[in-house]
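Data block below; observations after.
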Amino acid sequence: MLDSILNAAGANLLAPAILFFALGALAGWAKSDLTIPDQAAKTLSLYLMLCIGFKGGAEARASGLSADLLATGALGLAFSFLAPFAAFAVLRAMGGLDRTTAAATAAHYGSVSVVTFAAGAEFLRASGVAFSGHMAAVLALMETPAILAALLIAGSGGGAASRTHRSALWREVLLNGAAVLLIGSFFVGLLSGAAGMERLSGFVGGAMFQGALCLFLLDMGLLAARRLAETRALRPGAIAFALAWPLLSAAAALLAARALGLSLGDMTLFAILAASASYIAVPAAMRMALPKADAGVYIPMSLAMTFPFNLVVGIPLYHGVAVLLAR
Amino acid sequence: MLDSILNAAGANLLAPAILFFALGALAGWAKSDLTIPDQAAKTLSLYLMLCIGFKGGAEARASGLSADLLATGALGLAFSFLAPFAAFAVLRAMGGLDRTTAAATAAHYGSVSVVTFAAGAEFLRASGVAFSGHMAAVLALMETPAILAALLIAGSGGGAASRTHRSALWREVLLNGAAVLLIGSFFVGLLSGAAGMERLSGFVGGAMFQGALCLFLLDMGLLAARRLAETRALRPGAIAFALAWPLLSAAAALLAARALGLSLGDMTLFAILAASASYIAVPAAMRMALPKADAGVYIPMSLAMTFPFNLVVGIPLYHGVAVLLAR
Amino acid sequence: MLDSILNAAGANLLAPAILFFALGALAGWAKSDLTIPDQAAKTLSLYLMLCIGFKGGAEARASGLSADLLATGALGLAFSFLAPFAAFAVLRAMGGLDRTTAAATAAHYGSVSVVTFAAGAEFLRASGVAFSGHMAAVLALMETPAILAALLIAGSGGGAASRTHRSALWREVLLNGAAVLLIGSFFVGLLSGAAGMERLSGFVGGAMFQGALCLFLLDMGLLAARRLAETRALRPGAIAFALAWPLLSAAAALLAARALGLSLGDMTLFAILAASASYIAVPAAMRMALPKADAGVYIPMSLAMTFPFNLVVGIPLYHGVAVLLAR
Amino acid sequence: MDLVARKKLDIFIEGHALARLEAELGRAGFKGWSVFAGIEGAGAHGAWRQTGIAEGDARLVIAIGAAEAADAVLAWLEAYFREYPGVVAVSDVGVMRGDRF
Amino acid sequence: MDLVARKKLDIFIEGHALARLEAELGRAGFKGWSVFAGIEGAGAHGAWRQTGIAEGDARLVIAIGAAEAADAVLAWLEAYFREYPGVVAVSDVGVMRGDRF
Amino acid sequence: MDLVARKKLDIFIEGHALARLEAELGRAGFKGWSVFAGIEGAGAHGAWRQTGIAEGDARLVIAIGAAEAADAVLAWLEAYFREYPGVVAVSDVGVMRGDRF
Ligand SMILES: Nc1ncnc2c1ncn2[C@@H]1O[C@H](COP(=O)(O)O)[C@@H](O)[C@H]1O
Ligand SMILES: Nc1ncnc2c1ncn2[C@@H]1O[C@H](COP(=O)(O)O)[C@@H](O)[C@H]1O
Ligand SMILES: Nc1ncnc2c1ncn2[C@@H]1O[C@H](COP(=O)(O)O)[C@@H](O)[C@H]1O
Ligand code: NA
Ligand code: NA
Ligand code: NA
């Protein structure tokens, strides 16, 4: 058992996607001028979201939208909304972050990372572990509530946007492109079902999806290394949080998922979602909603520390624990 | 018979490409910040043209360049050149558009839409109806004559570009990128034939083409909804024209195609070409040739009304009528 | 024998990739407004490098990293470093180029062209001739030494960057994106081996790679034609060099490769590398290192003359000679 | 060539505020403006660079108009910049067809 | 630092006219210029936005040169703008190495 | 609106020198700048156009700051331009919150 977990962890390290992330990180660290054109990176991330949503919808159609989805969706919503309160309390207790920056950071950790999810799903696929299509919908549901939580936490204090500039905020929060594309593609998959999947399977899955993930992770590696280098020294507390919170959050998620009776694959994915932190939708919302929060804190934490940690250590670890729990 | 037509129309509505168009339209209407990077959208449209041209050429090579192509090509040229005169007369008769704007609008309706053609071809493929590869060449031939017609119609009146600025115009009209890529790829397909097709079939067709079409239609949906929202109220006449002209034009095309003895698939595609309106090549030419024409009229008409109408209603409808006629 | 060589040369001319290059050249020559968005072109070139590196690494893993790689790699390094001295001597002897421009031009011809290599590899694949995966590593090794040679040649004379601006130069030279991505992907392929290849084969090879090559060559054709048109008259000497040097260089490479006992496919690829000239990495380095060198000389030579010459004439020719030598 | 004196505003602002700024420009009396995308920059709120995914969405808005229109927009910007990153520079330019500004 | 006074033109123009404008700049005596792509804007001819397929191809041409060269280009632009959308703003700048402009 | 007088530099420079220029701007006392990507241009070193692969990487750096800061950067640029292509134009602008420049 332990053997097979360690084997999977080792195989994960040698998966092309992880190696391309490492390549990017190395190149970024060495200050190579390698860069992925920004529109290409944006398009890749849209493509990944479209694929994840569509495949999820088509698979949910195939296996029927069960009570499971409702239960897991509700759990995900609760996690995304409540986690920021806990994260905020911890961040403030550790000291070093002002109220607004702590609230904004907490929002990142309540929300989720699409690419961490994708890497986790590929890990499961490579390990031959099944998971439900509707986990893509859970992913989409968990994007946004954390932002609302952070707004509540920050209140109308110093850091929040004043009334006049709030009008556009709700649209940004509720209709941000990532959430719309994920949920929308899920419904497209649901509606077009097996016939749609037959037409698109070579586009949304297989080598093309894998390859796009590699290219995107190459870019993420570059970005993470550059972000880390540009960062004015982060306090040790922030670093500790970025590495310890995923463990705590995944542990809580695994227990909750176990209590709900989720399958092994779904348990793992839910833990991955809980452990992951946003670096696209939430930063955009925070620039608008909490402009006084320090992006020099939350971006390096989520992008340059938590993201690689989950990718390399977290995914196989959470799965290993899920295997033990699921017995 | 009617049953199978209605079934195909229903299936069309649930095809992923159509659903992604709807998703884009919805997101655009709700003012989501979802956007496809513009260079990605341009690249997608180049890719679609390359595929359509290449596949057409390779298939034409396989089945031999017949008299059919000559006849259909001549018919297409005639349609594209003559339709603007009719459209102009109708637009002027309905009132509300100045001479120059009416001429520019007429050019759009004489020319064709590559993506409507692609969606039509996918519809036929899904319905198991054969069509000729050389219809891609007909598509390319129909891009440009309508522009020349509009220049004749507008004459040297108030709206046309003055002599000094006309030098560059002919190049734009005759060598616009879309036409060059379509015709060029057709010849590449023709010359490289089966050997070339064997190498490229997974690139120009199959899931990859379908997926690119989905992504592009997502963008078209966003664009159409945003265009519609930005539009200063269009006169009812313009709206009526945008929805009724495709029906008239498709009807005329079906009768002509029937008279020429085209196959069922070719009849349908020819009707789709006649019914479709340009929104890439012609607007670019009009900005140069008829700068005083109001782009706030012709863009929303072709992009936000005629395009979705053909996509959702027109394609299955024209095919249904073609089936009846072909009996 | 000769027959089959001529057949392969003929087939090469009708390969889609070559035809798309011709299409681009024609469109560029006719001043069509067809353009590939620049970020798309950059992304395509990154994709091609990733594929070449990865496939090379995975194949090298499959066949074992042999002494062959060491020998061929050493030969490649030597060629890339020494060729510029010879090229410089010839260019100066022919007259017409100042010292700095001659040095910069020599660097281009010592270095290599990734896309010429890709086209050569596709040519071999289509002809059913095997070659070693590690030739991709040789390609990567040959990118950079020529730049160092040119810096030595130019010395601290008038054209070279002054001390203050040199700090950034070494990074640019040693860590240029192309070399990092090629070598990095080679190692990713090497480490992830057969398991990685199984996941990515449909992404790094097959129709998708072919299609990307077509699109990229379309752009190269456009670029070459436009470059040629924008060029102030090149001296006949420069033109002669651009067409004769590849022949000389390929001949020397074939003899050296034969002496080393390389396989037929590897001999051909090595000759192609020697004959090819850089148009991405080296120009970027020269803008920085030898700013007084005339880019209006070296860019048209490598991009608009040597590149098409190798693509259309060189590849089948070098292979033909390799076949004769290998008997 | 008779040129008319107008004010030119170079406004550096984040993308999320663009729609609101444009509405404000219209209200203030500007009859036109143009928007450009930056690729990197630095300021009181730190440095940014447009790489990879959508982190940097800095915009340069160039708006040419009458002095009064410029004043109105500057007042709006003053309040806006109290909360959000950004900078504006005002300069004097000459334009043809002054009635169009 | 001794700076020489020159004129700077900021020309907003559609992409299709770029080649002709550049030819004109050369004829008028400009020794250099730079071109940038806009992403959205508004003016007398309505608003536009560069989204999706190639609808917006607005360009900003910045050209720095002598006053006489600027005058010549302004005359050309005056005629051009009678037919086509676009705007130009002239301002005073100082440059080093004045002989290069 | 009380505006404070500052200098605005429009610097056209190749991409490879960007990092060094930015370091110089910081040293000279500029507290901010913005960078834009050009798509084509011409100058004493010939014409260029950003097409296809990465040939053109011209940048426009806009930096607003105090006159002394501008002088320091101009001195650096003078030496730099002796070796490399590029151009700088200096103009007068007014800014709000003058202490931020
Ligand atoms: N002095 C300046 N010159 C030019 N651009 C500036 C300047 N200061 C700030 N900016 C731009 O405005 C953005 C926001 O400025 P700030 O609020 O100072 O961080 C920066 O990221 C720059 O892109
Ligand atoms: N006042 C202005 N300030 C800045 N840019 C402008 C202005 N007026 C027009 N433009 C730009 O020039 C384009 C054409 O202008 P127009 O001919 O007025 O429609 C617009 O779409 C804007 O991009
Ligand atoms: N007079 C000018 N006005 C605007 N931009 C210029 C001017 N001269 C040069 N440039 C820009 O600076 C780059 C390098 O200039 P140069 O060193 O003169 O070749 C050119 O390619 C242009 O993009
Ligand atoms: Na989370
Ligand atoms: Na039509
Ligand atoms: Na070489």
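If a paramagnetic tag sat 7 Å from the Cα of residue C:152 along the Cα-Cβ line, which residues of segment C:57-93 would have the backbone N under 17 Å from that point?
Answer for segment C:57-93: C:74-90.
I need the phi-derived Karplus couplings for segment C:76-91: 6.51 cos²θ - 1.76 cosθ + 1.60, θ = phi - 60°, integer Hz, Gly and Pro marked x.
3J(HN,Hα) across segment C:76-91, in whole Hz: x, 4, 4, 4, 5, 7, 8, 3, x, 5, 5, 4, 4, 4, 5, 4.
Long-range amide H contacts for residue C:294: which residues qualify at under 5 Å (H placed 1.01 Å from N, peptide plane, sequence gap of 5 or more or a different chain)?
HN-HN under 5 Å from residue C:294: C:101.
Nearest 500 deg cm²/dmol is fine: what mean residue ellipticity at 222 nm does chain D get from its DSSP H runs of n ≥ 4 alone, each adding -39,500 (n - 2.57), divided by its residue count? Intermediate results must be reported in sequence, preceding the final value.
Working: 2 runs with 28 residues, N = 101.
That comes out to -9000 deg cm²/dmol.
Please give the peptides B:16-23, C:25-32 ranked by average Cβ packing (other Cβ atoms within 10 Å per residue), highest first, as a rough proxy for protection. Please report the intermediate quantities before stating the final value.
Numbers: B:16-23: 26.4, C:25-32: 19.1.
Final packing ranking: B:16-23, C:25-32.
For segment A:272-327, what is the convex hull volume of the alpha-carbon atoms per residue, in Å³?
Working: hull volume 4.2 nm³, N = 56.
Spread over its residues, the Cα hull of segment A:272-327 gives 74 Å³ apiece.
Just to be sure I understand: if I project the alpha-carbon convex hull of segment A:199-241 onto a plane and average over all orientations, what area do I get in nm²? If you can, show how the numbers build up before the last one.
Numbers: hull surface 17.3 nm².
Mean projected area of the Cα convex hull: 4.3 nm².
What size of dipole, in debye to the nearest 20, comes out for segment A:2-326 about its Cα centre when the only charges are +1 on Lys and Arg C-beta atoms and -1 on Asp and Glu C-beta atoms?
Result for segment A:2-326 is approximately 720 debye, rounded to the nearest 20.
Report, as an integer, the average count of C-beta atoms from other chains found within 10 Å of each Cβ along A:9-17. Show your work: numbers first, answer last.
Working: counts 0, 0, 2, 0, 2, 6, 6, 15, 5.
Mean shielding count: 4.
Please compute the volume of the convex hull spanned by the alpha-carbon atoms of segment C:38-145 and report it per residue in Å³.
Working: hull volume 13.8 nm³, N = 108.
In segment C:38-145, the Cα convex hull volume per residue is 127 Å³.
Relative contact order of chain C, please, whole-number percent, based on alpha carbon pairs below 8 angstrom and at least 6 residues apart. Spell out each step's value before the answer.
Details: 519 pairs, mean separation 110.1, N = 327.
Relative contact order here is 34 percent.
Let me check the size of the protein assembly as shown from its C-alpha atoms; what are the radius of gyration and Dmax in Å?
Cα only, the protein assembly as shown: 30.4, 86 Å (Rg, Dmax).
Once the mean 1/r over all distinct Cα pairs of chain B is inverted, what Kirkwood radius in angstroms do you read off? Could the numbers behind the result be given before it?
Values: mean 1/r = 0.0507 Å⁻¹.
19.7 Å is the Kirkwood radius here.
Between residue B:130 and residue B:244, how many nm apart are label points set 7 Å from Cα along the C-beta direction?
It works out to 4.0 nm between the two label points.
Can you list the residues, at least 5 places off or on another chain, whose amide H is less than 5 Å from the amide H of residue C:33, using H built in the peptide plane?
B:177
Against the empirical 2.2 N^0.38 Å scaling, what ratio does the C-alpha Rg of segment F:12-95 come to? Walk me through the numbers on the way to the answer.
Details: Rg = 13.3 Å, N = 84, 2.2 N^0.38 = 11.8 Å.
Relative to the rule-of-thumb radius for its length, segment F:12-95 sits at 1.12.
I want to check the label-to-label distance for residue A:62 and residue E:23. Put each point 7 Å from Cα in the C-beta direction and report it in nm to one decimal.
6.0
Could you tell me the distance between the Cα centroids of segment A:59-135 and segment F:13-34, to the nearest Å?
41
Obtain the nm distance between the two label points defined at residue A:171 and residue C:194 by a simple spin-label model: each point lies 7 Å from its Cα along the Cα-to-C-beta direction.
In this crude spin-label approximation the distance works out to 5.6 nm.
Which of B:58, B:93, B:178 moves most in a GNM of chain B, Cα contacts under 10 Å?
B:93
Determine the calculated [θ] at 222 nm for chain B from helices alone, applying -39500 (n - 2.57) to every DSSP H run no shorter than 4 residues and normalising by the residue count; nearest 500 deg cm²/dmol.
Theoretical 222 nm ellipticity from helices: -25000 deg cm²/dmol.
Considering only the label points, 7 Å along Cα→Cβ from Cα, what distances in nm to one decimal separate residue A:244 from the same position in each other copy, shortest first?
7.4, 7.4
Could you give each residue of segment B:245-250 its phi-based ³J(HN,Hα) in whole Hz, using Karplus coefficients 6.51, -1.76, 1.60 with θ = phi - 60°, and x for Gly or Pro?
So the Karplus estimates, Gly and Pro as x, are 4, x, 5, 4, 5, 5 Hz.
For the protein assembly as shown, what is the charge dipole size about the Cα centre, in debye to the nearest 20, if Lys and Arg each add +1 at the Cβ and Asp and Glu each add -1 at the Cβ? Don't jump to the answer; show the numbers that get you there.
Working: 90 positive and 84 negative charges, 52 e Å.
So the magnitude is around 260 debye.
Each residue of segment C:51-64 in order: what ³J(HN,Hα) in whole Hz does its phi give by Karplus 6.51 cos²θ - 1.76 cosθ + 1.60, θ = phi - 60°, with x for Gly and Pro?
Values, residue by residue: 5, 4, x, 4, 4, x, x, 5, 5, 4, 4, 5, 9, x Hz.
Values quoted throughout were computed directly from the atomic coordinates according to the rules given, and no laboratory measurement underlies them. As the structure is a prediction and not an experimental result, all values here were calculated from the model. Cβ coordinates were reconstructed from backbone atoms using ideal geometry, including for glycine residues, and neighbour counts include every protein chain displayed.
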